[in-house]
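The block underneath contains the structure these notes are about, expressed in structure tokens.
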Amino acid sequence: TEDYHWERRTNFLLCVAVYKIAKYKCLQIRHELYYESVASLYY
């Protein structure tokens, strides 16, 4: 049915959004750890 298809698409978009947010957070944390380790080398 059309309803089922729409639900699947919504779930897919939700998954994509969650994935992108998680990836962004992961990159942020990695950058912070990287800068901290670099800073500890110089200071």
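Values in this text are rule-based calculations from the coordinates and carry no lab data. Only a predicted model underlies this, so the values are computations on that prediction, with no experimental measurement involved.
Before moving on, here are some points about what is shown:
- Of everything in the range 1-23 that is in a helix (DSSP H, G or I) and hydroxyl-bearing (Ser, Thr, Tyr), the residue that is nearest to the chain's Cα centre (by Cα) is 19.
- Some residue of the range 24-41 being outside any helix (DSSP H, G or I), among the hydroxyl-bearing types (Ser, Thr, Tyr) and more than 21 Å from the chain's Cα centre (by Cα): no
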